[in-house]
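Taking it in order: structure first as structure tokens, then the write-up.
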Amino acid sequence: MKDGFLRAGAATPKLRVADIDYNEEQIIATVNGADPDCSLLIFPELCVTGATCGDLFRQKAFIDAAWDALYRIAEETAEKNCVFIIGLPAYIEGKLLDLSVVIHKGTILGCNVKLTLSEEQSRYFSPYEVSGSFYDEYFDDEIAFGQPLYFCEKDLFSFSVLFHEDLMCPISDDVDAALSGCHILAVLSSAPTTVGADEKVSQILTAQSRKLHAAYIYANCGVGESTTDNVFGGEDFIFENGRELGRSKRFSDGITYADIDLQFLHAERTRDTSWRTDFANSTADADMDIIGFEMELPNELSLIRKVPKNPFIPEDKEKIASRCAQILDMQAMGLVTRLKHIRCEKVILGLSGGLDSTLAILVSARALDILGLPRTNIHAITMPCFGTTSRTKNNSIELAKALGARIDEISIKDSVIQHFKDIGHDIDNHNVAYENSQARERTQLLMDMGNDEGSLVVGTGDLSELALGWATYNGDHMSMYAVNGSVPKTLIRHIVSYEADRVKEENPSLSEVLKDILATPVSPELLPPTEDGKISQKTEDLVGPYELHDFFLYYFFRLGFAPSKIYRIAKIAFAGEYDDATIYKWEENFLRRFISQQFKRSCLPDGPKVGSVDLSPRTDLKLPSDAASKVFLDELATVLDNGD
């Protein structure tokens, strides 16, 4: 089960009410025709008989026929390497029970009993709250039944089973199952379709799967059910940690598949301290009947799973604007609180015409608006030197003017040349000292001017640059308050774009300059421009595309994925954009730089954490500055050995 991926399916077969033979055939055909890589398949509640059989459930011959069909289903699917769960009625210990039956390789692993009955079902079925077993002559074995049961495949994956009404209870069994270690919850349903019902189920599955860091496979009855009183739409869902992986079309039949990432769910539980506390205090595992089994799992799936290439950005486009507005507010309020605390009413920052400093001045403007202070209290300094182009310098000036901030142009060229003389550096030697001396001169100028006028120096560096160590130590690496420190470059683009659209009517000049800044290549502008005055030093040519690095950062640091797994899913996310060699090259570069550049992050200035990833040594990242990257580079290299 390479990288922890497991293919699961939610099935709604063709069905005829009370036609057990027909339903049996359809279930067998569905199981045997399922994707050969599907390891877990869930059917709806009472799918052997139909859920809308009414008083036919009181006929013993009808119930016996359903159990006989179970034998044939098990026998006819014995060659299929898949665990599947079907629903049927059964008499056990003199009570008519609504069961889910877990079947694998022609045997019954166990039967879950429905505890929470609908008003209609309570006319026929009994709840059963005691777990036990019964002897079955056909299988010549004791079969576990009750609720809850915990099915575990050699610790590779585990699941528990419940019913729709059980899920809707205020205190549901899925919580105990998750705390016992189950990563997958199978839900059998016979819920009718009513207006808004599917969205209610979707919302609950979203919330529960996120809260429990679990996957839910939900299979519902379909159009073959009786329409005497209700319509059944066969709405099937697969959710993982709050994200919908699969959903069937309403009034359809067939199987909805998804690849569940069990390593991802485990990583989320490991990181969630509140979940770990509940797990440690839980006695749920003592009440669970654990049923072990063995099966052959596919070593490597050809993934059908969609992998978002921008994990820091919402997939739902309608949510992007809301997210951008929220982040701007959080950054601004962090700066507001700091200014209040130190009794300061002015800010100063370097404005380069790039994305990062643009976001920093937008945040500063919003902060001063909140404080009721004039925007002229923002002192923006553009500091041209050897690599500055007219485009970026002019954009800096126009941006400050459009915001109503104070703007000054102070060339640092003479100061840097004098510094070169002082240290004996040849001005034609464009080495790291040539570049870094410019960054340090700019920081020195801002710090001294800030002291002189009583202003707070606002930092501009972002999360992506911090991850790569793409900052000059004690240069742009340092400030008095770093508002962008937990915002990745890919997200900064969206925030600036959001602001450009937001002010389009009220401040068209601001919108226009923001759009031109978005179209400008990312560059530190520390090397002389080309002969035609264009930027010669493009950051992404040197360290790699930021969209790749943000992807690597999220899955390596946030989720702790192995480099080989990150490479595998990156190929899916960026298919058609980057070839395999390019992805490998920049992931290798990311791993090397991320580990080696910790010394810069160990002494970062304060700044607000706005998302799930932050590299401040005071919050999320506890990493020694002397750590080696060899183990991660070696693990990534295994993809070459495997021919990936």
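Being of a type outside the set (Lys, Arg) and either crowded, with 18+ Cβ neighbours inside 10 Å or not assigned by TED's automatic domain parsing to the domain that holds VAL102 (or both) is the filter here, so list the residues in region 68-88 that pass it. Those that are of a type outside the set (Lys, Arg) and either crowded, with 18+ Cβ neighbours inside 10 Å or not assigned by TED's automatic domain parsing to the domain that holds VAL102 (or both): ALA69, LEU70, ILE73, ALA74, THR77, CYS82, VAL83, PHE84, ILE85, ILE86, GLY87, LEU88. Out of LEU97, LEU88, LEU46, one residue alone is more than 30 Å from ALA562 (Cβ to Cβ), in contact with a Ser or Thr (Cβ under 7 Å, 6 or more places away or on another chain) and at pLDDT below 95. It is LEU97. Please specify each residue of region 621-644 satisfying the condition of being of a type outside the set (A, V, I, L, M, F, W, C), over 14 Å from GLY469 (Cβ atoms) and exposed (fewer than 15 other Cβ atoms within 10 Å of the Cβ). Matches in region 621-644: LYS622, PRO624, ASP626, LYS630, ASP634, THR638, ASP641, ASN642, GLY643, ASP644. The C-beta contact set for region 293-304 (first residue more than 16 Å from ALA575 (Cβ to Cβ), second residue among the aliphatic types (A, V, I, L, M), distance under 8 angstrom, 6+ apart or interchain) comprises PHE293/VAL83; PHE293/LEU109; MET295/VAL83; LEU297/MET1; LEU297/LEU6; LEU297/LEU156; PRO298/MET1; ASN299/MET1.
The set of residues from region 337-366 being crowded, with 19+ Cβ neighbours inside 10 Å and among the β-branched types (Val, Ile, Thr) comprises VAL347, ILE348, THR358, ILE361, VAL363.
Checking the conditions here, which among TYR71, TYR91 is assigned to a helix (DSSP H, G or I) and among the hydroxyl-bearing types (Ser, Thr, Tyr)?
Exactly one of TYR71, TYR91 is assigned to a helix (DSSP H, G or I) and among the hydroxyl-bearing types (Ser, Thr, Tyr), namely TYR71.
In this structure, does PRO624 turn out to be out of contact with any Ser or Thr (no Cβ under 8 Å at 6 or more places or on another chain) and over 23 Å from LYS565 (Cα atoms)? So PRO624 passes the test.
Every listed requirement among (1) in a helix (DSSP H, G or I); (2) over 40 Å from the mean Cα position of the chain (by Cα) is met by ASP428 save one, (1).
Condition first: in contact with a helix residue (DSSP H, G or I) (Cβ under 6 Å, 6 or more places away or on another chain), on the phi < 0 side of the Ramachandran plot and aliphatic (A, V, I, L, M). Now tell me which residues in region 8-56 satisfy that.
Step one: of region 8-56, the residues in contact with a helix residue (DSSP H, G or I) (Cβ under 6 Å, 6 or more places away or on another chain) are 11, 13-16, 18, 20, 24, 27-28, 48-49, 56.
Checking which are on the phi < 0 side of the Ramachandran plot leaves us with 11, 13-16, 20, 24, 27-28, 48-49, 56.
Passing the criteria: ALA11, LEU15, ILE20, ILE27, ILE28, VAL48, LEU56.
Of all residues in region 457-485, which are polar (S, T, N, Q) and over 21 Å from ILE342 (Cβ atoms)? Scanning region 457-485 gives SER464, THR472, ASN474. Looking only at residues of region 431-455 that are in a loop (DSSP other than H, G, I, E, B) and touching a residue at least 40 places away in the same chain (Cβ under 8 Å), we find that the one that is surrounded by the most Cβ atoms within 10 Å (Cβ to Cβ) is SER455. When region 350-381 is filtered for residues that are among the acidic types (Asp, Glu) and either modelled with pLDDT under 95 or closer than 19 Å to MET478 by Cβ (or both), only ASP356 remains.
The lone criterion from (1) among the charged types (D, E, K, R); (2) assigned to a loop (DSSP other than H, G, I, E, B); (3) over 18 Å from ALA51 (Cα atoms) left unmet by ARG269 is number (2). Taken together, the residues in region 26-56 that are surrounded by fewer than 24 Cβ atoms within 10 Å (Cβ to Cβ) and touching a Pro at 6+ places or on another chain (Cβ under 6 Å) amount to 3. Within region 91-145, the set of residues being hydroxyl-bearing (Ser, Thr, Tyr), touching a residue at least 40 places away in the same chain (Cβ under 8 Å) and within 28 Å of PRO192 (Cβ to Cβ) comprises SER100, THR116, SER118, TYR124. A single entry from ALA29, ALA18 fulfils the requirement of being aliphatic (A, V, I, L, M) and part of a loop (DSSP other than H, G, I, E, B): ALA18. Could you go through region 404-419 and let me know if any residue there is at positive phi and loosely packed, with under 14 Cβ neighbours inside 10 Å. So far as region 404-419 goes, no, none of its residues is at positive phi and loosely packed, with under 14 Cβ neighbours inside 10 Å. Return the only residue of VAL483, VAL487, VAL496, VAL458 being in the same structural domain as LYS600 (by TED's automatic domain parsing), of a type in the set (Val, Ile, Thr) and surrounded by fewer than 24 Cβ atoms within 10 Å (Cβ to Cβ). Among VAL483, VAL487, VAL496, VAL458, only VAL496 is in the same structural domain as LYS600 (by TED's automatic domain parsing), of a type in the set (Val, Ile, Thr) and surrounded by fewer than 24 Cβ atoms within 10 Å (Cβ to Cβ). Within region 606-620, the only residue that satisfies the criterion of being surrounded by fewer than 16 Cβ atoms within 10 Å (Cβ to Cβ) and modelled with pLDDT of 95 or more is ASP606. Residue by residue through region 583-605, note down the ones that are among the aromatic types (Phe, Trp, Tyr) and surrounded by 14 or more Cβ atoms within 10 Å (Cβ to Cβ). If the condition is that a residue be among the aromatic types (Phe, Trp, Tyr) and surrounded by 14 or more Cβ atoms within 10 Å (Cβ to Cβ), then TYR584, TRP586, PHE590, PHE594 are the ones that fit. Scanning region 99-148 for residues that are outside any strand (DSSP E or B) and among the acidic types (Asp, Glu) returns GLU119, GLU120, GLU129, GLU137, ASP140. Of all residues in region 12-32, those satisfying the criterion of being in contact (Cβ under 8 Å) with a residue 60 or more places away in the chain and out of contact with any Leu (no Cβ under 9 Å at 6 or more places or on another chain) are THR12, PRO13, LYS14, LEU15, ARG16.
Taking every residue in region 326-340 that is under 14 Å from VAL487 (Cα atoms) and outside the structural domain of VAL483 (by TED's automatic domain parsing) and pairing it with any residue that is of a type in the set (Asp, Glu) and surrounded by fewer than 20 Cβ atoms within 10 Å (Cβ to Cβ), at least 6 positions away or on another chain, yields no pair with a Cβ-Cβ distance below 9 Å.
Assessment of region 514-521 against the conditions (closer than 30 Å to LYS622 by Cα and in a helix (DSSP H, G or I)) yields no matching residue. Would you mind stating whether ALA207 is in contact (Cβ under 8 Å) with a residue 60 or more places away in the chain and outside any loop (DSSP other than H, G, I, E, B)? Criteria not met by ALA207.
The values are calculated or read from the model by the stated rules, or taken from the named source; none is laboratory data. Since the structure is predicted, the reported quantities are computational estimates derived from the model, not experimental observations. Cβ sites come from the backbone with ideal geometry, for glycine too, and all protein chains shown count toward neighbours.
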